[in-house]
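Enquirer: One structure, as structure tokens, below. Some questions next.
The values are calculated or read from the model by the stated rules, or taken from the named source; none is laboratory data. Computed from a prediction, not measured in an experiment: that's the story for all the values here. Note: ideal-geometry Cβ built from the backbone for every residue, glycine included; neighbour counts use all protein chains shown. All accessible areas refer to the heavy atoms of the entire protein, side chains included, with ligands and DNA or RNA removed. Shrake-Rupley method; radii C 1.70, N 1.55, O 1.52, S 1.80 Å.
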Amino acid sequence: MESTGIIPRLEVSYPDDVLHSYQYCGQDVVLTRKKHILDICSFIRDQCAMNHLMFLCAVDNSRRKEAIGKNEYERFEVVYQFYSMTTKHSIRIRAQVPDDDCSIESITSLWPGADCLERECFDLMGIHFSSHPDLRRILMPEDWKGHPLRKEYPLRGIGEWAGYETLKEKSLELRTFDYRSSQKGNE
Amino acid sequence: MQILILLIQIAILVAVVLLHVAYATYFERKIIGHMQVRMGPMLVGWHGLLQPIADGIKSFFKEDIIPDQADKSLFLAAPIICLAAMMVSLSVLPFAKGWALADINVGLLFIFAMSSLASYGIILAGWASNSKYTLLGGIRSMAQVISYEIAIGLSLVGVMMLSGTLNLSQIVEAQGNSFFGMFIISQPVAFFVFFIAMLAETNRVPFDLPEAETELVSGYITEYSGMRYAMFFMAEYIGMFVMASIGVVCFLGGWYGPFAVPLFPPIWFILKVYFIMFLFIWIRATLPRYRYDQLMAIGWKLLIPLSLGNIFITGLAMTLAQ
Amino acid sequence: MSRKISFNCPVQAGDEDRYRIQMGPQHPATHGVLRVDLDLDGEIIRKCNPHVGYLHRGFEKLAEHRTYVQNLVLTDRLDYMAAMANNVGYCEAVEKLLAIEVPQRSRYLRTMVCEMARLASHLLWLATHALDIGAMTVFLYCFREREELLEIFAELCGSRLTNTYTRLGGVRQDVTHSIMMKLEKFVDSFPSNLEEYETLIDTNRIWLKRTIDVGTVGADEAVGLCLTGASLRGSGVDYDIRKHFPYAAYDFMDFEVPLGETGDTYARYRCRIEEMLQSNSILRQCIERMPPGPIIGDDAPDLIMPNKPGRKVEVDVPAQQSLIKLVEDRETFMEGDVYVATEVPKGELGFYFVSDGNGTPYRMHIRSPSFLHISALKTMAKGSMLADLIAIIGTLDVVLGECDR
């Protein structure tokens with residue numbers, strides 16, 4: 001896909017927020033700060049006619065080779081991919097989110113469909129989306145501890161989930177259940 | 001002595017009807033199976049002929065699970081109410097001339113009373129199970145039975161007017177032994193209303209909302225198991241049988257046929273009942289299910305006005321004929 | 001045993017007259033393990049809150065610890081109704097990242113299996129959608145058709161559901177003459193069979209009553225809700241990735257994208273039916289124009305499968321090490337990120353890869369259409385009746401394996 005001219009416009013409109021832009025495999029990517037992400041997204045939607053939010057996800061940069069030792073990268077980033085169904089242009093925004101202030105503005109006001117995607121980011125990566133209407137865990141159980149997609153989280157997890165332990169106890173208890181003795185107890 | 005004979009007759013009727021119910025399920029499974037490009041039951045017996053008996057034995061020996069939170073006495077009573085009410089209504093059906101256990105003068109009303117009573121069983125089952133799905137099923141069934149009871153009652157008023165009696169045998173006699181005497185010829189609208197309301201009354205597709213599997217899991221029978229579940233099943237099939245019989249008696253000329261069969265007089269009656277049962281099954285294999293509000297709309301906005309108009313026209317025609 | 005368990009849920013203030021139902025996770029109409037938390041007022045849904053995650057297997061985490069080739073088998077388990085389409089989607093994404101050329105024949109083969117998967121998936125959707133609404137017979141008719149496709153899959157790659165047919169740089173096995181004959185027979189008979197279902201469904205007043213004006217979504221609203229696939233096109237939005245970002249051999253295919261107008265359940269139903277006919281015509285084109293040639297590229301990091309003449313299988317080397325080594329050797333392999341979307345039967349399935357120069361992806365995000373469709377359920381079901389919810393779940397065509405990943 002040829003260059004779309006959106007990146008220069010973004011750079012002009014938000015000079016303080018755009019950190020860096022590049023093209024990889026023909027896809028336009030912009031690195032931004034997180035501060036005005038809602039404005040940038042609404043700019044992209046309204047000014048550039050990019051009406052389709054293709055995906056939204058979070059990436060943990062802590063072990064990423066290209067990010068290590070570079071100022072513009074923070075610990076996390078939230079990646080947005082937008083696409084315009086009319087002009088057939090697409091652009092990817094990588095908003096940097098630091099570890100100490102792990103929150104970013106929600107774009108559910110622009111795309112109601114982002115609701116679930118943001119909840120997923122919160123669930124698996126632990127990024128808070130401010131002004132999200134209903135930020136709860138979505139894929140993991142509600143009382144899960146930790147955020148599995150962070151790099152320091154081990155693949156096999158940390159211990160069993162509390163709910164599973166109670167279930168296991170229950171099943172062991174039921175295994176010892178004796179129908180006859182319970183009938184006697186009733187009589 | 002008379003009582004003994006009556007008891008023997010009752011025993012024979014119950015046995016025959018239960019066997020019939022068992023094989024009605026087989027009949028349904030086979031027909032639907034063939035309509036759906038599959039075989040239906042094939043393993044138990046020749047072409048699965050023993051399948052209903054195997055099913056009966058299975059459900060008889062299954063554990064009867066009663067939910068912890070259920071209202072126990074009502075939970076236990078509900079299927080019995082349902083089944084008993086349906087079986088009692090068998091007693092007034094005239095299978096052939098003189099072949100009725102109780103040839104009472106209010107036969108038609110008696111059957112309506114009993115089928116209303118059976119719906120109590122369904123409502124109580126829904127309520128006593130203390131589960132949300134069963135309650136929804138019970139509520140649906142209640143609304144459905146109330147609406148369609150009116151329609152089915154009104155649709156038969158025309159038949160009552162023409163025959164001048166509520167006695168089922170006399171209704172058949174009133175139609176006489178000719179094709180054009182059948183009330184379906186003179187009362188086609190009433191038969192149409194009756195047929196649709198009959199499907200709703202017996203909770204069959206496309207009005208099977210009280211037990212809509214994809215919405216309410218199994219509706220009012222969700223919490224039942226074993227023999228009690230089978231009782232509901234039997235009640236449903238006896239209900240189908242009774243409703244089909246009413247249709248045959250009131251519209252299709254009862255036991256009369258093109259020619260009399262000497263040894264076994266009810267043959268025409270049974271064939272006609274089977275024909276209506278086949279329609280039940282055919283519809284089940286074809287149609288999707290109505291939505292609750294659409295069902296109510298059909299009952300109140302279409303069937304009841306139609307049957308009221310039918311009564312008016314019948315009355316007018318009778319007055320003019322005099 | 002006099003154990004008393006309390007099932008009472010705490011009732012919030014103002015909600016006393018609401019009837020709260022948990023539909024699922026074990027419910028006949030939730031297509032897997034979806035739980036929908038419903039607040040009912042009579043039969044009207046006041047609030048609908050879908051809960052997912054019962055089938056979460058952590059594919060995104062798992063993928064970070066497995067090589068690109070190994071991750072391929074994970075994609076089978078996403079949308080297990082159309083595993084072929086997922087395989088193709090994954091391979092297209094990785095090939096873009098690794099800049100692998102795919103030979104022409106294998107691109108055609110991919111298109112072919114993609115469309116077969118689309119037909120199989122849509123047939124299953126039609127079956128379950130009809131069953132949800134109460135038409136039982138269509139269910140079995142559709143399964144009869146689907147069975148033929150699955151038989152072809154089994155002959156093609158030895159598996160009916162979890163195919164793993166594609167490889168990075170090509171496909172696993174070439175088609176045989178008998179497969180092509182079977183497929184041709186299927187393609188010939190399919191349109192008339194589809195017509196048969198339509199007579200059962202489409203002219204049925206009850207079906208029309210149950211689907212028209214149910215779960216209506218406007219075009220802008222549908223885009224805002226991130227709906228894709230036929231669920232979006234039912235609202236009249238012309239967005240099909242096969243046209244917008246052509247992959248495999250869709251460039252050379254001649255097909256139309258059917259669009260709905262009203263955005264209700266019936267429009268989506270019509271869209272999918274038309275789509276099946278289009279798929280059928282694509283299949284016919286694939287059969288007619290299938291070019292000769294190799295099925296896997298020369299530079300493909302294909303490893304254990306002995307389909308490439310000249311490459312020896314190193315039995316003594318543990319498979320995983322050799323996989324990593326081969327991928328690491330690639331000159332074109334570098335750091336970067338790439339997002340590639342493909343049109344699977346359910347909608348837009350996208351893979352976002354962040355590559356770190358290792359043999360394993362640094363981060364793999366799967367954009368699954370079902371996940372977003374389920375989130376749209378909340379908006380779509382509000383104010384409709386309980387029976388409509390079933391129709392809406394059916395029409396969104398969700399697969400929970402893909403939704404929960």
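Enquirer: Can you work out the FRET efficiency for the pair A:L155 and A:V12, with r the C-beta to C-beta distance and R0 = 35 Å, to the nearest 0.05?
Expert: 0.20
Enquirer: Moving on to the next point. Summing Lys, Arg as +1 and Asp, Glu as -1, what charge do residues with Cβ under 10 Å from the Cβ of C:V344 carry, C:V344 excluded?
Expert: Neighbour charge sum, excluding C:V344 itself: -2.
Enquirer: Let me ask you something else. Per residue, how much space in cubic angstrom lies within the convex hull of the C-alpha atoms of the stretch A:3-186?
Expert: Taking the convex hull of the Cα positions in the stretch A:3-186, it is 175 Å³ per residue.
Enquirer: Let me confirm one metric for peptide A:86-99, namely the mean number of other chain beta-carbon atoms within 10 Å of its residues' beta-carbons.
Expert: Average per residue, whole number: 1.
Enquirer: Same structure, new question: Using the alpha carbons of the stretch B:14-104, what is the convex hull volume per residue in cubic angstrom, as a whole number?
Expert: Dividing the Cα hull volume of the stretch B:14-104 by its residue count gives 159 Å³.
Enquirer: Can you give the Rg to Rh ratio of chain B, both from alpha-carbon atoms, with Rh computed by the Kirkwood formula?
Expert: Computed over Cα atoms, the ratio is 0.97.
Enquirer: Express in Å², to the nearest 10, the accessible area of C:T203 obtained by rolling a 1.4 Å probe over the protein heavy atoms while all chains stay in place.
Expert: Its heavy atoms expose roughly 110 Å² to the probe.
Enquirer: Also: Could you state the principal axis extents of the C-alpha atoms in the stretch B:32-178, from the largest down, to the nearest angstrom?
Expert: That gives 51, 43, 31 Å along the principal axes, largest extent first.
Enquirer: Report the relative contact order of chain A, percent, no decimals, based on alpha-carbon pairs under 8 angstrom and at least 6 residues apart.
Expert: 16 percent
Enquirer: Tell me whether the stretch C:122-266 comes out rounded, prolate or oblate; compute the Cα gyration tensor, take square roots of the eigenvalues as a ≥ b ≥ c, and use a/c under 1.5 as the rounded threshold.
Expert: oblate
Enquirer: Right, here's the next one. How big is the antiparallel share of DSSP beta bridges in the stretch A:37-187, given as a percent to the nearest 5?
Expert: 85 percent
Enquirer: Still on this structure, I have one more. Using only atoms on other chains, find how many Cβ atoms lie within 10 Å of each Cβ of peptide A:142-149 and report the average.
Expert: 2
Enquirer: Counting just the Cα atoms, what span does the protein assembly as shown cover along each of its three principal axes? Round to the nearest Å and put the largest first.
Expert: Projected onto its principal axes, the Cα set of the protein assembly as shown covers 105, 64, 61 Å.
Enquirer: Can you check what the Kirkwood hydrodynamic radius comes to for the stretch C:27-117, Cα pairs only, in Å to one decimal?
Expert: Final number for the Kirkwood radius of the stretch C:27-117 is 16.1 Å.
Enquirer: From zero outward in steps of 5 Å, how is the percent of C-alpha pairs of the stretch C:156-219 spread across the bins?
Expert: Bins of 5 Å from zero give 4, 12, 11, 12, 12, 11, 11, 13, 11, 3 percent of pairs.
Enquirer: Pairs to check: B:K132/B:K301; A:K34/C:K96; C:K47/C:K209; A:K70/A:K151. Give those whose C-alpha atoms are more than 21 Å from each other in this structure.
Expert: Violating the 21 Å limit, Cα to Cα: B:K132/B:K301; A:K34/C:K96; C:K47/C:K209.
Enquirer: Report the paramagnetic label zone for C:I44: residues of the stretch C:374-405 whose backbone N is under 18 Å from a point 7 Å from Cα along the Cα-to-Cβ axis.
Expert: Answer for the stretch C:374-405: C:379-390.
Enquirer: Now a separate question. At a probe of 1.4 Å, how much accessible area disappears from chains A and C on forming the pair, both sides counted, to the nearest 100 Å²?
Expert: When A and C are taken together, about 4300 Å² of accessible area is lost.
Enquirer: Continuing with the same structure: On C-alpha positions alone, give me the angle between the axis of helix B:267-286 and the longest principal axis of chain B, in degrees, nearest 10.
Expert: With rounding to tens, the tilt is 50 degrees.
Enquirer: Sort C:D213, C:D174 by accessible area with a 1.4 Å probe, largest first.
Expert: C:D213, C:D174
Enquirer: To the nearest 10 degrees, how steep is helix C:83-98 against the longest Cα principal axis of chain C, on a 0 to 90 scale?
Expert: The angle comes out at about 50 degrees.
Enquirer: OK, next. If the viscosity is 0.692 mPa s and the temperature 37 °C, what Stokes-Einstein diffusion coefficient in µm²/s follows for the stretch B:176-322 when Rh is the Kirkwood radius over Cα pairs?
Expert: Calculated translational D: 189 µm²/s.
Enquirer: If ligands, DNA and RNA are left out, what is the accessible area of A:R119 with a 1.4 Å probe, given in Å² to the nearest 10?
Expert: Here the accessible area works out near 10 Å².
Enquirer: Please work out the Cα convex hull volume for chain C and give it in Å³ per residue.
Expert: Residue-normalised Cα hull volume stands at 176 Å³.
Enquirer: Working from Cα positions, state the angle (0 to 90°, nearest 10) between the long axis of helix A:162-175 and the longest principal axis of chain A.
Expert: Tilt relative to chain A: about 30 degrees.
Enquirer: So how far apart, in nm, are the two label points at B:Y274 and A:S109 if each is 7 Å from Cα heading toward Cβ?
Expert: 7.3 nm
Enquirer: Per residue of C:231-241, count partner chain C-beta atoms within 10 Å of its C-beta, then hand back the mean as an integer.
Expert: Mean shielding by partner chains, rounded to a whole number: 1.
Enquirer: Over chain C, what is the relative contact order in percent, taking alpha-carbon pairs closer than 8 angstrom and at least six residues apart?
Expert: Contact order relative to length: 26 percent.
Enquirer: Give the relative contact order (percent, whole number) for chain B; include only Cα pairs under 8 Å separated by 6+ residues.
Expert: Over chain B, the number comes to 23 percent.
Enquirer: Roll a 1.4 Å probe over the protein heavy atoms and report the accessible area of B:E63 in Å², nearest 10.
Expert: 120 Å²
Enquirer: Scan the stretch B:42-87 for trypsin sites (Lys or Arg not before Pro) in coil per DSSP, keeping those whose Cβ has at most 16 other Cβ atoms within 10 Å, and list them by number.
Expert: The qualifying sites are B:K62.
Enquirer: Please compute one quarter of the surface area of the Cα convex hull for the stretch B:1-61 and express it in square nanometres.
Expert: 5.3 nm²
Enquirer: What ranking of A:K151, B:K301 comes out by heavy-atom accessible area, probe 1.4 Å, highest first?
Expert: The most accessible residue leads, giving B:K301, A:K151.
Enquirer: Evaluate 2.2 N^0.38 Å with N set to the residue count of the stretch A:79-169, then give the Cα radius of gyration divided by it.
Expert: Here the Cα radius of gyration is 1.33 times the empirical estimate.
Enquirer: Please compute the modelled spin-label separation between C:M180 and B:W282, points set 7 Å along Cα→Cβ, answer in nm with one decimal.
Expert: 4.7 nm
Enquirer: I need the Debye-formula profile for the stretch B:140-212: one equal scatterer per C-alpha, no solvent, reported as log10 I(q)/I(0) at q = 0.20, 0.26 1/Å, two decimals.
Expert: Each listed q corresponds, in turn, to -0.83, -1.09.
Enquirer: Rounding to the nearest 20 debye, state how big the charge dipole of the protein assembly as shown is about its Cα centre with +1 on each Lys and Arg Cβ and -1 on each Asp and Glu Cβ.
Expert: Value, rounded to 20: 1900 debye.
Enquirer: Which value, in debye to the nearest 20, gives the size of the charge dipole of chain B about its Cα centre, when Lys and Arg are +1 and Asp and Glu are -1 at the Cβ?
Expert: Dipole of chain B, to the nearest 20 debye: 480 debye.
Enquirer: Select from B:S169, B:G309, B:L74 the residue farthest towards the positive end of the dipole of the stretch B:66-321; place +1 on Cβ of Lys and Arg, -1 on Cβ of Asp and Glu, and compute about the Cα centre.
Expert: Most positive-ward Cα: B:G309.
Enquirer: Over all Cα pairs of the stretch A:26-94, how is the pair count split among 5 Å bins, expressed in % and running from 0 up to the last occupied bin?
Expert: That works out to 4, 16, 26, 24, 14, 10, 6, 1, in percent per bin.
Enquirer: While we're here: Counting only the backbone N, which residues of the stretch B:232-255 are under 14 Å from the spot 7 Å out from the Cα of B:D103 toward its beta-carbon?
Expert: Once the point is set 7 Å along Cα→Cβ of B:D103, B:255 turn out to lie under 14 Å by backbone N, inside the stretch B:232-255.
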